[in-house]
Amino acid sequence: MFDLTGRRALVTGASGGIGAAAARALHAQGATLALAARRADALQALADELGDRVHVTPCDLSDPASVDALPKAAADAMGGVDILVNNAGVTRDNLFMRMSDAEWDAVIAVNLTAAFRLARGCLRGMMKARWGRMVSITSIVGTTGNPGQGNYAASKAGLVGMSKSLAAEVASRGVTVNCVAPGFIETAMTADLADAQKDRLLSAIPAGRMGSPEEIAAAVVYLSSDEARYVTGQTLHVNGGMAMI
Amino acid sequence: MSDIADRVKKIVVDHLGVDEEKVVEGASFIDDLGADSLDTVELVMAFEEEFGIEIPDDAAETIQTFGDAVKFISENAANA
(Lines give C-alpha, C1' and ligand atoms only; values in the text may rest on other atoms or scores of the structure.)
Protein backbone atom coordinates (compact mmCIF):
# COMPACT_ATOMS: atom_id res chain seq x y z
CA MET A 1 0.00 0.00 0.00
CA PHE A 2 1.01 3.60 -0.68
CA ASP A 3 4.02 2.66 -2.80
CA LEU A 4 5.34 5.80 -4.46
CA THR A 5 8.19 4.23 -6.39
CA GLY A 6 8.80 6.19 -9.57
CA ARG A 7 6.66 9.15 -8.46
CA ARG A 8 8.31 12.55 -8.40
CA ALA A 9 7.30 14.95 -5.65
CA LEU A 10 7.95 18.65 -5.24
CA VAL A 11 7.71 19.71 -1.59
CA THR A 12 7.75 23.37 -0.60
CA GLY A 13 8.77 24.51 2.83
CA ALA A 14 10.80 21.33 3.02
CA SER A 15 13.18 22.78 5.60
CA GLY A 16 10.38 23.20 8.15
CA GLY A 17 9.01 20.67 10.62
CA ILE A 18 6.02 19.42 8.66
CA GLY A 19 7.68 19.88 5.26
CA ALA A 20 10.74 17.89 6.22
CA ALA A 21 8.57 15.15 7.73
CA ALA A 22 6.48 15.01 4.56
CA ALA A 23 9.64 14.79 2.47
CA ARG A 24 11.02 11.96 4.63
CA ALA A 25 7.74 10.05 4.49
CA LEU A 26 7.32 10.41 0.71
CA HIS A 27 10.92 9.37 0.22
CA ALA A 28 10.46 6.36 2.48
CA GLN A 29 7.62 5.23 0.19
CA GLY A 30 9.96 5.39 -2.78
CA ALA A 31 9.31 8.83 -4.24
CA THR A 32 11.95 10.99 -5.85
CA LEU A 33 12.01 14.46 -4.33
CA ALA A 34 12.65 18.07 -5.19
CA LEU A 35 13.04 20.02 -1.97
CA ALA A 36 12.17 23.70 -2.07
CA ALA A 37 12.61 26.41 0.54
CA ARG A 38 14.63 29.57 0.93
CA ARG A 39 17.47 28.05 2.96
CA ALA A 40 19.55 25.94 0.60
CA ASP A 41 21.83 24.77 3.42
CA ALA A 42 18.91 23.31 5.37
CA LEU A 43 17.61 21.58 2.25
CA GLN A 44 21.04 20.19 1.49
CA ALA A 45 21.29 18.80 5.01
CA LEU A 46 17.97 17.00 4.53
CA ALA A 47 19.04 15.78 1.09
CA ASP A 48 22.28 14.42 2.57
CA GLU A 49 20.30 12.64 5.27
CA LEU A 50 17.92 11.03 2.77
CA GLY A 51 20.57 9.94 0.26
CA ASP A 52 19.68 9.26 -3.35
CA ARG A 53 16.54 10.31 -5.24
CA VAL A 54 16.67 13.82 -3.75
CA HIS A 55 17.19 17.16 -5.50
CA VAL A 56 17.55 20.58 -3.94
CA THR A 57 15.68 23.39 -5.70
CA PRO A 58 15.84 26.53 -3.53
CA CYS A 59 13.05 29.03 -4.01
CA ASP A 60 11.83 32.21 -2.39
CA LEU A 61 8.04 31.91 -2.46
CA SER A 62 7.62 35.62 -1.78
CA ASP A 63 9.31 36.33 -5.12
CA PRO A 64 6.98 35.71 -8.11
CA ALA A 65 9.85 35.08 -10.54
CA SER A 66 11.34 32.52 -8.19
CA VAL A 67 7.93 30.81 -7.83
CA ASP A 68 7.38 30.67 -11.59
CA ALA A 69 10.81 29.10 -12.09
CA LEU A 70 10.30 26.36 -9.51
CA PRO A 71 8.05 23.87 -11.39
CA LYS A 72 10.46 23.88 -14.31
CA ALA A 73 13.50 23.56 -12.08
CA ALA A 74 11.89 20.61 -10.30
CA ALA A 75 10.79 19.00 -13.58
CA ASP A 76 14.26 19.46 -15.05
CA ALA A 77 15.82 17.85 -11.98
CA MET A 78 13.41 14.91 -11.74
CA GLY A 79 12.08 14.55 -15.29
CA GLY A 80 8.61 15.72 -14.26
CA VAL A 81 6.43 16.48 -11.24
CA ASP A 82 3.73 13.95 -10.29
CA ILE A 83 3.07 15.16 -6.76
CA LEU A 84 3.01 18.76 -5.55
CA VAL A 85 2.99 19.36 -1.81
CA ASN A 86 2.20 22.99 -1.07
CA ASN A 87 3.46 23.09 2.47
CA ALA A 88 5.32 26.38 2.77
CA GLY A 89 3.58 28.84 5.02
CA VAL A 90 4.36 31.94 6.99
CA THR A 91 2.61 33.80 9.79
CA ARG A 92 2.48 37.51 10.53
CA ASP A 93 0.08 37.48 13.44
CA ASN A 94 -1.55 40.65 14.61
CA LEU A 95 -4.88 41.76 15.93
CA PHE A 96 -7.14 42.68 13.09
CA MET A 97 -7.37 46.36 14.02
CA ARG A 98 -3.60 46.60 13.99
CA MET A 99 -2.87 44.42 10.98
CA SER A 100 -0.99 46.26 8.25
CA ASP A 101 -1.47 45.79 4.54
CA ALA A 102 2.10 44.49 4.43
CA GLU A 103 1.34 41.80 7.02
CA TRP A 104 -1.76 40.77 5.11
CA ASP A 105 -0.07 40.76 1.72
CA ALA A 106 3.03 38.87 2.87
CA VAL A 107 0.97 35.96 4.19
CA ILE A 108 -1.40 35.78 1.22
CA ALA A 109 1.52 35.96 -1.22
CA VAL A 110 3.41 32.98 0.21
CA ASN A 111 0.60 30.82 1.55
CA LEU A 112 -1.97 31.27 -1.21
CA THR A 113 -0.67 33.01 -4.33
CA ALA A 114 2.53 30.96 -4.51
CA ALA A 115 0.49 27.77 -4.10
CA PHE A 116 -1.75 28.84 -6.98
CA ARG A 117 1.19 29.59 -9.24
CA LEU A 118 2.94 26.34 -8.39
CA ALA A 119 -0.23 24.35 -8.99
CA ARG A 120 -0.69 26.04 -12.34
CA GLY A 121 2.93 25.40 -13.23
CA CYS A 122 2.74 21.69 -12.40
CA LEU A 123 -0.67 21.07 -13.95
CA ARG A 124 0.31 20.63 -17.58
CA GLY A 125 2.57 17.67 -16.93
CA MET A 126 0.02 16.02 -14.66
CA MET A 127 -2.79 16.49 -17.18
CA LYS A 128 -0.72 14.98 -19.94
CA ALA A 129 0.29 12.08 -17.75
CA ARG A 130 -3.34 11.59 -16.67
CA TRP A 131 -1.98 11.24 -13.14
CA GLY A 132 -1.22 13.87 -10.55
CA ARG A 133 -1.52 14.63 -6.88
CA MET A 134 -1.69 18.03 -5.27
CA VAL A 135 -1.73 18.26 -1.51
CA SER A 136 -1.84 21.60 0.26
CA ILE A 137 -1.13 21.89 3.95
CA THR A 138 -3.77 24.16 5.39
CA SER A 139 -4.68 24.58 9.04
CA ILE A 140 -7.49 24.03 11.45
CA VAL A 141 -7.71 27.82 11.77
CA GLY A 142 -8.76 28.07 8.12
CA THR A 143 -11.98 26.40 9.24
CA THR A 144 -12.39 27.65 12.79
CA GLY A 145 -10.74 31.07 12.62
CA ASN A 146 -8.29 32.26 15.24
CA PRO A 147 -7.87 35.63 16.91
CA GLY A 148 -4.74 37.38 15.66
CA GLN A 149 -4.57 35.26 12.52
CA GLY A 150 -7.00 36.92 10.13
CA ASN A 151 -4.43 36.86 7.35
CA TYR A 152 -3.21 33.31 8.00
CA ALA A 153 -6.72 31.88 8.40
CA ALA A 154 -7.83 33.62 5.19
CA SER A 155 -4.88 32.17 3.29
CA LYS A 156 -5.63 28.66 4.52
CA ALA A 157 -9.36 28.90 3.82
CA GLY A 158 -8.38 30.25 0.41
CA LEU A 159 -6.33 27.14 -0.28
CA VAL A 160 -9.36 25.00 0.45
CA GLY A 161 -11.56 26.90 -2.01
CA MET A 162 -8.83 26.89 -4.62
CA SER A 163 -8.25 23.17 -4.20
CA LYS A 164 -11.94 22.30 -4.49
CA SER A 165 -12.30 24.34 -7.68
CA LEU A 166 -9.22 22.84 -9.27
CA ALA A 167 -10.26 19.37 -8.12
CA ALA A 168 -13.55 19.76 -9.98
CA GLU A 169 -11.75 20.87 -13.13
CA VAL A 170 -9.20 18.09 -13.37
CA ALA A 171 -10.81 15.09 -11.69
CA SER A 172 -11.55 13.54 -15.09
CA ARG A 173 -7.83 13.64 -15.91
CA GLY A 174 -6.65 11.51 -13.01
CA VAL A 175 -5.40 14.49 -11.03
CA THR A 176 -6.56 14.85 -7.44
CA VAL A 177 -6.35 18.01 -5.36
CA ASN A 178 -6.70 17.81 -1.60
CA CYS A 179 -5.75 19.51 1.63
CA VAL A 180 -4.38 18.31 4.95
CA ALA A 181 -5.39 20.53 7.85
CA PRO A 182 -3.14 20.12 10.87
CA GLY A 183 -4.31 21.07 14.31
CA PHE A 184 -1.80 21.85 17.02
CA ILE A 185 1.52 20.33 15.90
CA GLU A 186 4.95 20.42 17.53
CA THR A 187 6.99 22.58 15.16
CA ALA A 188 9.05 25.76 15.25
CA MET A 189 5.82 27.62 14.43
CA THR A 190 4.18 26.49 17.67
CA ALA A 191 7.35 26.49 19.82
CA ASP A 192 7.03 30.24 20.32
CA LEU A 193 3.72 29.94 22.15
CA ALA A 194 3.69 30.77 25.85
CA ASP A 195 3.17 27.87 28.26
CA ALA A 196 -0.17 29.26 29.42
CA GLN A 197 -1.32 29.43 25.83
CA LYS A 198 -0.17 25.84 25.24
CA ASP A 199 -2.01 24.60 28.33
CA ARG A 200 -5.18 26.28 27.16
CA LEU A 201 -4.85 24.73 23.69
CA LEU A 202 -4.07 21.27 25.06
CA SER A 203 -7.21 21.30 27.17
CA ALA A 204 -9.19 21.64 23.94
CA ILE A 205 -7.64 18.55 22.33
CA PRO A 206 -9.46 15.29 23.11
CA ALA A 207 -6.30 13.30 22.33
CA GLY A 208 -4.64 15.23 25.14
CA ARG A 209 -1.42 16.05 23.33
CA MET A 210 0.03 17.97 20.41
CA GLY A 211 0.41 16.20 17.11
CA SER A 212 3.72 15.34 15.50
CA PRO A 213 4.90 16.36 12.02
CA GLU A 214 5.03 12.65 11.17
CA GLU A 215 1.30 12.36 11.78
CA ILE A 216 0.72 15.08 9.19
CA ALA A 217 3.20 13.46 6.82
CA ALA A 218 1.25 10.20 6.93
CA ALA A 219 -1.83 12.01 5.65
CA VAL A 220 0.25 13.56 2.86
CA VAL A 221 1.52 10.12 1.85
CA TYR A 222 -2.01 8.73 1.74
CA LEU A 223 -3.38 11.55 -0.41
CA SER A 224 -0.33 11.26 -2.70
CA SER A 225 -0.83 7.56 -3.23
CA ASP A 226 -2.48 5.71 -6.04
CA GLU A 227 -4.87 4.21 -3.49
CA ALA A 228 -6.34 7.68 -2.81
CA ARG A 229 -7.30 8.12 -6.46
CA TYR A 230 -11.02 8.50 -5.67
CA VAL A 231 -10.46 11.15 -3.00
CA THR A 232 -10.45 14.69 -4.34
CA GLY A 233 -11.46 18.16 -3.23
CA GLN A 234 -11.27 17.05 0.37
CA THR A 235 -9.63 18.35 3.49
CA LEU A 236 -8.27 15.72 5.84
CA HIS A 237 -8.20 17.16 9.35
CA VAL A 238 -5.41 15.77 11.52
CA ASN A 239 -5.92 17.37 14.89
CA GLY A 240 -6.45 14.85 17.68
CA GLY A 241 -10.14 15.62 17.71
CA MET A 242 -9.60 19.31 18.39
CA ALA A 243 -12.26 20.13 15.83
CA MET A 244 -14.55 17.55 14.27
CA ILE A 245 -15.72 18.82 10.92
CA MET B 1 -1.18 22.90 -45.69
CA SER B 2 -2.38 19.34 -46.01
CA ASP B 3 0.48 18.17 -43.83
CA ILE B 4 -0.59 20.57 -41.07
CA ALA B 5 -4.20 19.50 -41.45
CA ASP B 6 -3.21 15.84 -41.14
CA ARG B 7 -1.16 16.48 -38.02
CA VAL B 8 -3.92 18.56 -36.43
CA LYS B 9 -6.48 15.92 -37.34
CA LYS B 10 -4.42 13.18 -35.72
CA ILE B 11 -4.19 15.17 -32.47
CA VAL B 12 -7.94 15.80 -32.48
CA VAL B 13 -8.78 12.17 -33.22
CA ASP B 14 -6.38 10.88 -30.58
CA HIS B 15 -7.48 13.33 -27.92
CA LEU B 16 -11.23 13.33 -28.41
CA GLY B 17 -11.57 9.76 -29.60
CA VAL B 18 -13.74 10.73 -32.55
CA ASP B 19 -13.95 9.23 -36.04
CA GLU B 20 -11.57 10.80 -38.52
CA GLU B 21 -14.33 11.56 -41.00
CA LYS B 22 -16.09 13.77 -38.46
CA VAL B 23 -13.07 16.06 -38.26
CA VAL B 24 -13.96 18.38 -41.12
CA GLU B 25 -13.20 22.03 -41.84
CA GLY B 26 -16.19 23.48 -40.02
CA ALA B 27 -16.39 20.94 -37.21
CA SER B 28 -16.68 22.68 -33.84
CA PHE B 29 -14.63 21.01 -31.14
CA ILE B 30 -17.32 21.58 -28.54
CA ASP B 31 -20.56 21.40 -30.53
CA ASP B 32 -19.68 18.71 -33.08
CA LEU B 33 -16.81 16.72 -31.60
CA GLY B 34 -17.92 16.47 -27.99
CA ALA B 35 -15.07 18.39 -26.38
CA ASP B 36 -15.52 20.10 -23.04
CA SER B 37 -13.74 23.32 -22.10
CA LEU B 38 -10.84 21.44 -20.56
CA ASP B 39 -10.45 19.41 -23.77
CA THR B 40 -10.08 22.61 -25.77
CA VAL B 41 -7.30 23.78 -23.44
CA GLU B 42 -5.57 20.43 -23.80
CA LEU B 43 -5.94 20.52 -27.58
CA VAL B 44 -4.29 23.94 -27.70
CA MET B 45 -1.48 22.61 -25.47
CA ALA B 46 -1.04 19.67 -27.82
CA PHE B 47 -0.95 21.95 -30.88
CA GLU B 48 1.67 24.10 -29.19
CA GLU B 49 3.88 21.12 -28.59
CA GLU B 50 3.38 19.50 -31.98
CA PHE B 51 4.16 22.68 -33.90
CA GLY B 52 6.57 24.38 -31.49
CA ILE B 53 4.45 27.51 -31.24
CA GLU B 54 2.92 29.64 -28.51
CA ILE B 55 -0.83 30.13 -28.79
CA PRO B 56 -1.81 33.08 -26.56
CA ASP B 57 -5.07 32.82 -24.62
CA ASP B 58 -6.87 35.42 -26.74
CA ALA B 59 -5.91 33.55 -29.90
CA ALA B 60 -6.85 30.23 -28.34
CA GLU B 61 -10.38 31.54 -27.77
CA THR B 62 -10.80 32.11 -31.51
CA ILE B 63 -9.91 28.51 -32.31
CA GLN B 64 -13.35 26.93 -32.22
CA THR B 65 -13.27 24.56 -35.17
CA PHE B 66 -10.84 22.20 -36.83
CA GLY B 67 -10.54 24.71 -39.69
CA ASP B 68 -9.72 27.52 -37.22
CA ALA B 69 -6.91 25.46 -35.78
CA VAL B 70 -5.41 24.57 -39.15
CA LYS B 71 -5.62 28.19 -40.27
CA PHE B 72 -4.01 29.60 -37.13
CA ILE B 73 -1.21 27.06 -37.15
CA SER B 74 -0.56 27.52 -40.88
CA GLU B 75 -0.15 31.25 -40.32
CA ASN B 76 2.00 30.96 -37.21
CA ALA B 77 4.07 27.81 -37.30
CA ALA B 78 7.65 28.26 -38.45
CA ASN B 79 8.47 24.58 -38.76
CA ALA B 80 5.22 23.43 -40.29
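The values are calculated or read from the model by the stated rules, or taken from the named source; none is laboratory data. The structure displayed is predicted, hence computed values, not measured ones. Every residue, glycine among them, receives a Cβ derived from its backbone with ideal geometry; neighbour counts consider all protein chains shown. Heavy atoms of the whole protein, side chains included, go into the accessibility calculation; ligands, DNA and RNA do not. Shrake-Rupley method; radii C 1.70, N 1.55, O 1.52, S 1.80 Å.
Jot down the radius of gyration and Dmax of the stretch B:1-78, Cα atoms only, both in angstrom.
Reported Rg and Dmax, both Å: 11.0, 30.
Just the accessible area for B:ASP3, please: 1.4 Å probe, Å², rounded to the nearest 10?
80 Å²
Report the local net charge at A:TRP131: Lys and Arg +1, Asp and Glu -1, summed over other residues whose C-beta lies under 10 Å from its C-beta.
+4
Per the helix-only calculation at 222 nm, which mean residue ellipticity applies to the protein assembly as shown, given -39500 (n - 2.57) for every DSSP H run of n ≥ 4 and division by its residues, nearest 500 deg cm²/dmol?
About -15000 deg cm²/dmol.
Among B:PHE66, A:ALA109, A:LEU202, which residue has its Cα furthest toward the positive end of the charge dipole of the protein assembly as shown, with +1 on Lys/Arg Cβ and -1 on Asp/Glu Cβ?
Positive-most Cα among the choices belongs to A:LEU202.
Which lysines have a Cα less than 22 Å from the Cα of A:LYS164, not counting those fewer than 8 places away in the same chain?
Partners found: A:LYS128, A:LYS156.
Ranked by accessible surface with a 1.4 Å probe, highest first, in what order do A:SER155, A:SER165 come?
A:SER165, A:SER155
How would A:TYR230, A:TYR222, A:TYR152 line up by accessible area, probe 1.4 Å, largest first?
A:TYR230, A:TYR222, A:TYR152
Treating only the Cβ atoms of Lys and Arg (+1) and Asp and Glu (-1) as charged, compute the dipole magnitude of the stretch A:8-233 about its Cα centre; round to the nearest 20 debye.
Result for the stretch A:8-233 is approximately 740 debye, rounded to the nearest 20.
Report the relative contact order of chain B, percent, no decimals, based on alpha-carbon pairs under 8 angstrom and at least 6 residues apart.
38 percent
Just to confirm my numbers, what's the Cα centroid distance between the stretch B:5-70 and the stretch A:72-135 in Å?
Using only Cα atoms to place each centre, the spacing works out to 31 Å.
Report the local net charge at A:SER225: Lys and Arg +1, Asp and Glu -1, summed over other residues whose C-beta lies under 12 Å from its C-beta.
Overall, the nearby charge balance is -1.
For helix A:40-50, report the angle its Cα long axis makes with the longest principal axis of the Cα atoms of chain A; keep it between 0 and 90° and round to the nearest 10°.
So the helix axis and the longest Cα principal axis differ by about 70 degrees.
Ignoring solvent entirely, what values of log10 I(q)/I(0) come out of the Debye formula for the stretch A:68-188 at 0.14, 0.18, 0.20, 0.21 Å⁻¹ when each Cα is a single scatterer?
For the requested q values the scattering log ratios are -0.61, -0.92, -1.06, -1.13.
Quick one: compute a quarter of the convex hull surface over the Cα atoms of the stretch A:180-245 and quote it in nm².
Convex hull of Cα atoms, orientation-averaged projection: 4.9 nm².
How large are Rg and Dmax for the stretch A:1-95 when only the alpha carbon atoms are used, in Å?
12.9, 46
Distances longer than 26 Å among the Cα atoms of chain A: what percent of all pairs is that?
When every Cα pair of chain A is considered, 34 percent fall beyond 26 Å.
Using only Cα atoms, tell me the angle between helix A:17-28 and the longest principal axis of chain A; keep it within 0 to 90° and round to the nearest 10.
30 degrees
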